[in-house]
Amino acid sequence: MAQNAIRETLEHEIVDVCQRLHTKGMLAAADGNVSAVFENEILITPTGRSKARVAPSEMAALTRTGEILRGSPSGERLMHLAVYRQCAKAKAVVHAHPPAAIAWSIAYPELLELPAHAMSELILATGRIPIAPYARPGTAEMGSVLESLLPKHRVIILGRHGAISWGEDLEEAYNGMERLEHAALILKYAKELGQITDLPKTEIDALFEIRKKLGDRTL
Ligand SMILES: [Zn+2]
């Protein structure tokens, strides 16, 4: 496939991810941003556009050092660049504002991670999901609060703001965001119904062992 055609396919895939995030209620108005690596460029959603309406032709492009090659890239691009800088395997980054995941960081500001010991699928599919401390959106600090969590974690809640998920392709990055919000909702319902109970310790250990064998990818 010619290079242009490959880039256009990727731009369409980014739009597809934006629409899925919007349909799932993980974005309001112009919230969120999605990027993917194409050769030496990073393709990223434009600033100030609703992810429900953005078109493939509107994608902006950056170098890995942040130089703008085309278009008007998202104001949160520093966070994407921080992920690509620290994670050699990262080929795509999804940032959204999943409501239940954010709510956990607001209700329990002391929480360092989503309560992972309650659900087998959370351990198997993503491993622990840490909560990064609050940093003002669009600032370089957004990248620095992630530093200690990368490249180990592929799905991270950004305190009082949103979440970031990276992957070796767009599908993995999107799946991480969907999994996170699904797990955050289940835990929220459990808490509302009564309490969050942990799996037995031996089962938790066994699940983390299986996760280790499955590899680093978000499933
Ligand atoms: Zn944001």
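Coordinate-derived values only; no laboratory data. For clarity, every value in this text was computed on a predicted model and none was experimentally measured. Using ideal geometry, Cβ is built from the backbone for each residue, glycine included, and neighbour counts are taken over all protein chains shown.
Determine, for each peptide in 44-52, 164-172, 121-129, the mean count of other beta carbons within 10 angstrom over its residues, then list the peptides with the highest first. Let's see the in-between values first.
Numbers: 44-52: 18.4, 164-172: 21.8, 121-129: 20.0.
Answer by packing, highest mean first, reads 164-172, 121-129, 44-52.
Given Cβ point charges of +1 (Lys, Arg) and -1 (Asp, Glu) and nothing else, what value in debye, to the nearest 20, does the dipole of segment 8-93 about its Cα centre take?
Details: 11 positive and 10 negative charges, 56 e Å.
About 260 debye.
Working from Cα pairs under 8 Å separated by at least six residues, relative contact order for the chain is 19 percent. A Förster radius of 35 Å combined with the Cβ-Cβ distance from Glu141 to Ala190 puts the calculated FRET efficiency at roughly 0.60. In the chain, helical runs assigned H by DSSP with n ≥ 4 each contribute -39500 (n - 2.57); averaged across all residues and rounded to the nearest 500, the mean residue ellipticity at 222 nm is -13000 deg cm²/dmol.
Near Arg217, once Lys and Arg are set to +1 and Asp and Glu to -1 for all other residues with Cβ below 11 Å from its Cβ, the sum equals -2. Each residue of segment 73-85 was assigned a 3J(HN,Hα) from its phi angle through the Karplus curve 6.51 cos²θ - 1.76 cosθ + 1.60 (θ = phi - 60°); the sequence is x, 3, x, 9, 5, 4, 5, 5, 4, 4, 5, 5, 5 Hz, with glycine and proline shown as x. Here the 3J(HN,Hα) profile of segment 29-37, calculated from phi with Karplus coefficients 6.51, -1.76 and 1.60 at θ = phi - 60°, is 6, 8, 4, x, 7, 10, 9, 8, 7 Hz, Gly and Pro shown as x.
What the Cα atoms of the chain give is an Rg and a Dmax of 17.1, 57 Å.
Which peptide among 208-217, 180-189, 6-15 comes first, and what is the full order, when sorted by highest mean count of other Cβ atoms within 10 Å?
Values: 208-217: 12.1, 180-189: 19.5, 6-15: 17.9.
Result, highest mean Cβ count within 10 Å first: 180-189, 6-15, 208-217.
Each of Ser105, Ala92, Met119 was placed along the dipole of the chain (beta-carbon charges, centred on the mean Cα), and the one lying farthest toward the positive end is Ser105. When the Cα positions of Ala30, Thr139, Leu214 are compared along the charge dipole of the chain, Thr139 comes out farthest toward the positive end, with charges on each C-beta of Lys, Arg, Asp and Glu. Within segment 68-123, none of the trypsin sites (Lys or Arg not before Pro) combine a DSSP coil assignment with at most 10 other C-beta atoms in a 10 angstrom radius.
Which entries in the list Lys24/Lys89; Lys51/Lys188; Lys89/Lys152; Lys152/Lys188 go over 21 Å, if you measure between the two C-alpha atoms of each? It would help to have the intermediate numbers written out before the result.
Working: Lys24/Lys89 27 Å; Lys51/Lys188 26 Å; Lys89/Lys152 11 Å; Lys152/Lys188 26 Å.
Table pairs above 21 Å Cα-Cα are Lys24/Lys89; Lys51/Lys188; Lys152/Lys188.
Could you give the size of the charge dipole of segment 3-214 about its Cα centre, using +1 on the Cβ of each K and R and -1 on the Cβ of each D and E, expressed in debye and rounded to the nearest 20?
On the way: 24 positive and 26 negative charges, 46 e Å.
Dipole of segment 3-214, to the nearest 20 debye: 220 debye.
Work out the FRET efficiency for Arg217 and Thr197 from their Cβ-Cβ distance, taking R0 = 35 Å, and round it to the nearest 0.05.
0.80
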